[in-house]
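Participant: Below is the structure I would like to discuss, written out as structure tokens.
The values are calculated or read from the model by the stated rules, or taken from the named source; none is laboratory data. Keep in mind that this is a model prediction, so the values were computed, not measured. Note that each Cβ is placed from the backbone with ideal geometry, even for glycine, and that neighbours are counted across all protein chains shown.
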């Protein structure tokens, strides 16, 4: 009798276990659908999109000013008339074959009308199209201007740091959407959106984060005599300026971009504090934005002071995308509040708007006082430091240059990526920018003057 009772107890226990597992599985599936549903839908490998989409049913894609970027004529998908414009917006618009991840994929549910309610469907029928028209936040003419002035491969991204609207996003090398299907480029390099997918060492632009960590932890009184090199726990840290920068403190070291100072500053701040601040600025975070996919940035510490010194100047294992680097400077410009970057402005079915753009805060990356101090350092860097070539007449530009060393895989030699990140300190022109030139040399030589040129053009266009 006791044996039967034990069997019943065991069966009840097993049933309870299976019920718990079922609830856990159901909860996970529900969470996954909510958290990743849009990402699963907006992939070129989604069989529903691949089998159901017909370009004859698709809506058009426009820029913020109504410039048509993609549209359908019968069963043919067509794009902007100007080849330079097509190439300049190719990564953000995307293609219908799934070689790239742009608006054609991310906003397929609108373009093909998968999200329509009854009113939207009626409006679509009235207009003769089944899908909705998508309006992007970018200015296509500004994109084309940037593309025409990029002498090197790399990336440029420009955002309104108050609203999060991406005004321009250019990745080079690029492609013509008319020749995507026949393209035989096996490397696929031209189809990589370097703005959101390219991971690069930040070089001296990382000093923005290191400075924030120092201020947050009260490490602001360090002063050193920079001779051009220093040995930190067995590792040699060098400055690009022969003979060094002489006597520097936090403000002057930022303005002059002194590697020795910031290497020693990172060591004084310490592993844990540096990692904590980097994480606050978005490093080591799984980005999940609704309008595009952003590769995760990396900041690591090892416990070795030499490694930490190099990390503090952006040359250890640090990696980030141009989009994220722009967001960091945008957060400083916006008083420590980093806005969520967006590329979708409006969706219209037969003229009826079915989407409302709403600026969204992503996270607070620093206090207002910390942001204000760094803003002053960045202002001085453009006024009299390494970034003077970013100056724009009539407005105040704040910025930071970066020269990021990397090993050229073709030659085996050490080359430099050229960086500039910064913003316009003007409520009427809330512009944040990141410029990255692959193998383009010093940040002050290539990225910085190009950034100034782009900011000037954007301001002339009314942004």
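Quick grid of which residues meet (1) within 20 Å of the chain's Cα centre (by Cα); (2) at pLDDT below 90; (3) under 26 Å from residue 159 (Cα atoms); (4) surrounded by 23 or more Cβ atoms within 10 Å (Cβ to Cβ):
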site	(1), (2), (3), (4)
80	no, no, yes, yes
84	no, no, yes, no
89	yes, no, yes, yes
108	no, no, yes, yes
118	no, yes, no, no
132	no, no, yes, yes
136	yes, no, yes, yes
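Participant: Here's another thing I want to ask about it. Tally time: how many residues in the stretch 284-298 are under 22 Å from residue 269 (Cα atoms) and in contact (Cβ under 8 Å) with a residue 40 or more places away in the chain?
Facilitator: Pass one, the stretch 284-298, residues under 22 Å from residue 269 (Cα atoms): 284-285, 297-298.
Next, only the ones that are in contact (Cβ under 8 Å) with a residue 40 or more places away in the chain stay: 297-298.
The number of residues fulfilling the criteria is 2.
Participant: Considering 249, 284, which residue is touching a strand residue (DSSP E or B) at 6+ places or on another chain (Cβ under 8 Å) and surrounded by fewer than 18 Cβ atoms within 10 Å (Cβ to Cβ)? Write out each step before concluding.
Facilitator: On the way: 249 fails: touching a strand residue (DSSP E or B) at 6+ places or on another chain (Cβ under 8 Å).
Only one candidate passes the filter, namely 284.
Participant: Consider residue 198 carefully, then state whether it is at pLDDT below 95 and over 20 Å from residue 305 (Cα atoms).
Facilitator: Working: at pLDDT below 95: no; over 20 Å from residue 305 (Cα atoms): yes.
So residue 198 fails the test.
Participant: Confirm whether residue 405 is in contact (Cβ under 8 Å) with a residue 60 or more places away in the chain, within 17 Å of residue 328 (Cβ to Cβ) and surrounded by fewer than 20 Cβ atoms within 10 Å (Cβ to Cβ). Spell out how you get there, then give the answer.
Facilitator: Details: in contact (Cβ under 8 Å) with a residue 60 or more places away in the chain: yes; within 17 Å of residue 328 (Cβ to Cβ): no; surrounded by fewer than 20 Cβ atoms within 10 Å (Cβ to Cβ): yes.
No.
Participant: Could you list, in sequence order, the residues of the stretch 317-333 that are part of a loop (DSSP other than H, G, I, E, B) and surrounded by fewer than 22 Cβ atoms within 10 Å (Cβ to Cβ)? Even if it seems obvious, please write down each step before you answer.
Facilitator: Of the residues in the stretch 317-333, the ones part of a loop (DSSP other than H, G, I, E, B) are 317-318, 321.
Hit for the stretch 317-333 is 317, nothing else.
Participant: Considering every residue within the stretch 179-191, establish whether at least one is without any contact (Cβ under 8 Å) to a residue 24 or more places away in the chain, farther than 22 Å from residue 378 by Cα and surrounded by 17 or more Cβ atoms within 10 Å (Cβ to Cβ).
Facilitator: So the first thing to find is which residues in the stretch 179-191 are without any contact (Cβ under 8 Å) to a residue 24 or more places away in the chain, and the list is 179, 182, 184-187, 189-190.
Subset that is farther than 22 Å from residue 378 by Cα: 179, 182, 184-187, 189-190.
Going one step further and asking which of them are surrounded by 17 or more Cβ atoms within 10 Å (Cβ to Cβ), we end up with 190.
Yes: one or more hits.
Participant: Can we say residue 323 is under 22 Å from residue 447 (Cα atoms), touching a residue at least 12 places away in the same chain (Cβ under 8 Å) and under 15 Å from the mean Cα position of the chain (by Cα)?
Facilitator: Details: under 22 Å from residue 447 (Cα atoms): yes; touching a residue at least 12 places away in the same chain (Cβ under 8 Å): yes; under 15 Å from the mean Cα position of the chain (by Cα): yes.
Against the criterion (under 22 Å from residue 447 (Cα atoms), touching a residue at least 12 places away in the same chain (Cβ under 8 Å) and under 15 Å from the mean Cα position of the chain (by Cα)), residue 323 qualifies.
Quick grid of which residues meet (1) closer than 21 Å to residue 212 by Cβ; (2) outside any loop (DSSP other than H, G, I, E, B):
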site: 225; (1), (2): no, yes
site: 236; (1), (2): no, yes
site: 240; (1), (2): no, no
site: 252; (1), (2): yes, yes
site: 263; (1), (2): yes, yes
site: 279; (1), (2): yes, yes
site: 284; (1), (2): yes, no
site: 306; (1), (2): no, yes
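Participant: To continue, here is another question. Would you check which residues across the stretch 55-101 are in a helix (DSSP H, G or I) and out of contact with any strand residue (DSSP E or B) (no Cβ under 7 Å at 6 or more places or on another chain) and list them? First the steps, then the outcome.
Facilitator: Here is the first cut: in the stretch 55-101, the ones in a helix (DSSP H, G or I) are 55-57, 83-88, 90-93.
Result: 57, 83, 84, 85, 87, 90.
Participant: If I ask for residues that are surrounded by fewer than 17 Cβ atoms within 10 Å (Cβ to Cβ), assigned to a strand (DSSP E or B) and out of contact with any helix residue (DSSP H, G or I) (no Cβ under 8 Å at 6 or more places or on another chain), which ones from the stretch 335-362 would you list?
Facilitator: Scanning the stretch 335-362 gives 353, 361.
Participant: Here's a check for you: in the stretch 326-344, which residue that is farther than 30 Å from residue 110 by Cα and touching a residue at least 40 places away in the same chain (Cβ under 8 Å) is nearest to the chain's Cα centre (by Cα)?
Facilitator: Here is the first cut: in the stretch 326-344, the ones farther than 30 Å from residue 110 by Cα are 328-329, 331-337.
Now narrow it down to the ones that are touching a residue at least 40 places away in the same chain (Cβ under 8 Å): 328-329, 331-334.
On the way: 328: 9, 329: 11, 331: 13, 332: 15, 333: 16, 334: 16 Å.
Out of the qualifying residues, it is 328.
Participant: If a residue must be surrounded by fewer than 17 Cβ atoms within 10 Å (Cβ to Cβ) and part of a strand (DSSP E or B), how many such residues does the stretch 363-402 contain?
Facilitator: 2
Participant: Just for the stretch 47-63: of the residues that are surrounded by fewer than 17 Cβ atoms within 10 Å (Cβ to Cβ) and over 14 Å from residue 77 (Cβ atoms), which one is modelled with the highest pLDDT? Reasoning before the result, please.
Facilitator: As a first pass, look at the stretch 47-63 and keep what is surrounded by fewer than 17 Cβ atoms within 10 Å (Cβ to Cβ): 47-48, 50-52, 54, 56-57.
Subset that is over 14 Å from residue 77 (Cβ atoms): 47-48, 50-52.
Details: 47: 45, 48: 47, 50: 47, 51: 43, 52: 51.
Among them, the one singled out is 52.
For (1) farther than 25 Å from residue 262 by Cα; (2) in contact with a helix residue (DSSP H, G or I) (Cβ under 7 Å, 6 or more places away or on another chain); (3) at pLDDT 95 or above, each residue gets a yes or a no:
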{"position": "379", "(1), (2), (3)": "no, no, yes"}
{"position": "390", "(1), (2), (3)": "no, yes, yes"}
{"position": "405", "(1), (2), (3)": "no, no, no"}
{"position": "409", "(1), (2), (3)": "yes, no, no"}
{"position": "413", "(1), (2), (3)": "yes, no, no"}
{"position": "416", "(1), (2), (3)": "no, no, yes"}
{"position": "423", "(1), (2), (3)": "no, yes, yes"}
{"position": "429", "(1), (2), (3)": "yes, yes, yes"}
{"position": "434", "(1), (2), (3)": "no, yes, yes"}
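Participant: Residues of the stretch 187-212 being part of a helix (DSSP H, G or I) and within 25 Å of residue 442 (Cβ to Cβ), which ones? Full working, then the answer.
Facilitator: Let us first name the residues in the stretch 187-212 that are part of a helix (DSSP H, G or I), namely 189-191, 203-212.
Once the filter is applied, which keeps residues that are part of a helix (DSSP H, G or I) and within 25 Å of residue 442 (Cβ to Cβ), the stretch 187-212 yields 189, 203, 204, 205, 206, 207, 208, 209, 210, 211, 212.
Participant: Within the stretch 289-298, does at least one residue satisfy the condition of being in contact with a helix residue (DSSP H, G or I) (Cβ under 6 Å, 6 or more places away or on another chain) and either surrounded by fewer than 16 Cβ atoms within 10 Å (Cβ to Cβ) or under 21 Å from residue 406 (Cα atoms) (or both)?
Facilitator: Yes, some residue in the stretch 289-298 is in contact with a helix residue (DSSP H, G or I) (Cβ under 6 Å, 6 or more places away or on another chain) and either surrounded by fewer than 16 Cβ atoms within 10 Å (Cβ to Cβ) or under 21 Å from residue 406 (Cα atoms) (or both).
Participant: Separate question: Those residues that are closer than 19 Å to residue 451 by Cβ and either surrounded by 23 or more Cβ atoms within 10 Å (Cβ to Cβ) or free of Cβ contacts under 8 Å to residues at least 60 places away in the same chain (or both), I need them from the stretch 151-166; list them, please.
Facilitator: Residues satisfying the conditions are 154, 155, 156, 157, 158, 159, 161, 165, 166.
Participant: Out of 434, 458, I need the residue that is in contact with a strand residue (DSSP E or B) (Cβ under 7 Å, 6 or more places away or on another chain) and assigned to a helix (DSSP H, G or I). Which one?
Facilitator: Numbers: 434 fails: assigned to a helix (DSSP H, G or I).
Testing whether each residue is in contact with a strand residue (DSSP E or B) (Cβ under 7 Å, 6 or more places away or on another chain) and assigned to a helix (DSSP H, G or I) leaves just 458.
Participant: Taking the condition of being in contact with a strand residue (DSSP E or B) (Cβ under 9 Å, 6 or more places away or on another chain) and over 16 Å from residue 403 (Cβ atoms), how many residues in the stretch 230-242 meet it?
Facilitator: 3
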